[in-house]
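As structure tokens, the structure follows; a few thoughts come after it.
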Amino acid sequence: MFEKIHHLGYAVEDLEAASRFYQERFGARLEEPETVADQGVKAVMFRVGESRVELLEPTHPDSPVGKFLAKRGEGLHHVAFQVEDIEGRLAQLERGGVELIDESPRVGVGGTRMAFVHPKSAFGVLTELVEPDGGPASKPDG
Ligand code: CO
């Protein structure tokens, strides 16, 4: 099912400070910041080989990342695995009794299609499935 680790999501208090840190200390080449209103986050990504790190700052304290920060502080928020046919994978997981946060894909950072698997069903790790660019089977209307 998994093709590769697409990205790691970090919850940060200050997106600008975190961006500057990775840029100045590690030479990261940052992509354009993006706001995903639906998820209540501002995000910046940078590449690490064929994977990426996704820095996430909540746009408001009641968003999932805002609540995560309040409860656990900054740190690793989720791991995102790249898959093909995300609907098929979600249906398969659901049939297998895996608890999903998103039963159907949403639009994520970078226009990807993504869905979260509940950490309760994944050994405490919030797990994202992501299909970049809508995937090979994407349709213009989909
Ligand atoms: Co993510």
For the range 4-135, share of DSSP beta bridges that run antiparallel, in % to the nearest 5: 75 percent
Centroid-to-centroid separation of the range 70-139 and the range 28-50 [C-alpha atoms, Å]: 17 Å
Normalised contact order of the chain, rounded percent, pairs of Cα under 8 Å and 6 or more residues apart: 24 percent
Rounded percent of accessible protein surface that carbon and sulfur make up, the chain, 1.4 Å probe: 51 percent
Surface accessible to a 1.4 Å probe, per residue, for the residues of the range 4-135, Å²: 55 Å²
Nearest-20 debye value, the chain charge dipole, Cβ charges on Lys, Arg, Asp, Glu: 380 debye
Packing rank of 50-57, 23-30, 78-85, 12-19, where each peptide gets the mean count of other beta carbons within 10 Å, highest leading: 50-57, 78-85, 12-19, 23-30
Kirkwood Rh, Cα atoms: Rg over Rh of the chain: 0.96
Span-rule helices in the chain, defined as complete DSSP H runs reaching 15 Å or more along the axis (Cα) with Kyte mean at least -1.0: 15-26
Charge sum, other residues only, whose C-beta stays under 13 Å from V79's C-beta, Lys/Arg counted +1 and Asp/Glu -1: 0
Listed pairs K4/K42; K42/K120; K4/K71; K71/K120 exceeding 22 Å between Cα atoms: K4/K42; K42/K120; K4/K71
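The values are calculated or read from the model by the stated rules, or taken from the named source; none is laboratory data. It should be emphasised that the depicted structure is a prediction, and the values quoted were computed from it without experimental measurement. Methodologically, a virtual Cβ is constructed for each residue, glycine included, from the backbone with ideal geometry; neighbour enumeration extends over all protein chains shown. The area values use the complete protein model at the heavy-atom level, side chains included, leaving out ligands, DNA and RNA. Shrake-Rupley method; radii C 1.70, N 1.55, O 1.52, S 1.80 Å.
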